[in-house]
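As structure tokens, the structure follows; a few thoughts come after it.
The values are calculated or read from the model by the stated rules, or taken from the named source; none is laboratory data. Because the structure is a prediction, the values reported are computed rather than measured. Heads up, the Cβs are rebuilt from the backbone with ideal geometry, glycines too, and the neighbour counts pull from every protein chain shown.
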Amino acid sequence: MSKRPYMMAKPPEITNDEWDALTSPENYYADGEFSPSQADAEFRRRVAFLVKARRDKVSPPPTAQVASGQVWRDENPEMRRTVMVLTVDRTHATVRRVSTAGGVLKTYGRSSRISLDRFKPGPNGFRRIS
């Protein structure tokens with residue numbers, strides 16, 4: 001019988017060092033603390049705990065300060081929309097599309113809410129233009 005707990009693929013949220021520590025037999029069979037079936041259950045519990053902790057981790061603050069009146073451009077190649085921020089709350093910004101034709105900003109369409117996490121440069125983010 002193997003001295004290792006049930007092996008599964010390493011979840012991406014867990015670092016290699018953490019994974020090595022989790023899969024180390026000493027963590028489960030020291031002094032006969034766990035039987036093989038208990039070790040498997042404990043291993044799965046620890047992996048689930050680490051994965052949940054990583055997924056529930058509070059996202060870092062956005063790289064830019066979002067404020068009312070700012071104009072941002074969607075970097076998504078399929079969207080390429082330009083929006084003006086109307087209001088900002090703790091997690092989202094309320095925006096409305098704007099047209100910049102002729103150098104004049106004109107709002108149109110309905111307003112929508114966008115997560116503040118998206119207000120950063122990148123393929124799924126927004127870039128501030130004014």
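Exactly one condition in (1) out of contact with any strand residue (DSSP E or B) (no Cβ under 6 Å at 6 or more places or on another chain); (2) within 14 Å of S130 (Cβ to Cβ); (3) among the hydroxyl-bearing types (S, T, Y) is not met by S99; state its number.
That leaves (1) as the condition not met.
Within the range 55-75, can you find the residues that are exposed (fewer than 14 other Cβ atoms within 10 Å of the Cβ) and at pLDDT below 85?
R55, D56, K57, V58, S59, P60, P61, T63
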